[in-house]
1. What FRET efficiency, computed as 1/(1 + (r/R0)^6) with R0 = 35 Å and r the Cβ-Cβ distance, is obtained for Val74 and Gln25, rounded to the nearest 0.05?
2. Can you give the log10 of the normalised intensity I(q)/I(0) at q = 0.22, 0.23, 0.27 Å⁻¹, computed with Debye over equal Cα scatterers of the stretch 31-109?
Amino acid sequence: MTHIRSAAGPLGEADVAVQAEQKTQLKKPPLYKVLIHNDNYTTMDFVVRILMEIFHKPENEAIETMWKVHLEGVGVAGIYSREIAETKMARAEAEAAANEFPLRFSMEPQEA
């Protein structure tokens, strides 16, 4: 709310209130699926650990996702905003490389 003094009278007159209504509608950022890809070298235990530690999945969900990746070739590690997805992918790939695993991730837009 903005207060404007009346230009017609002396400074002692009552303020005139002017209210400018501005409607700002914020859009939610687009979401991205982080996909984890199967390979023939990364151990199942390591995949479960990454899903639990970096993607914060409960153990039973991490195991379920690991099996999906193992059987179908790809699974969803999580769904995040672009920046968070990129950060989690980079952390997971760095951890895999540090443990000499070729584990790879990718991301794709989440369909509405």
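Any read-out appearing in this document is the output of simple, stated calculations on the displayed coordinates, not a laboratory observation. Nothing here was measured: the structure is a model prediction, and the numbers come from that model. With ideal geometry, Cβ positions are generated from the backbone for all residues, glycine too; neighbour counts draw on all protein chains shown.
1. Result of the calculation: an efficiency of 0.50.
2. -0.96, -1.06, -1.45
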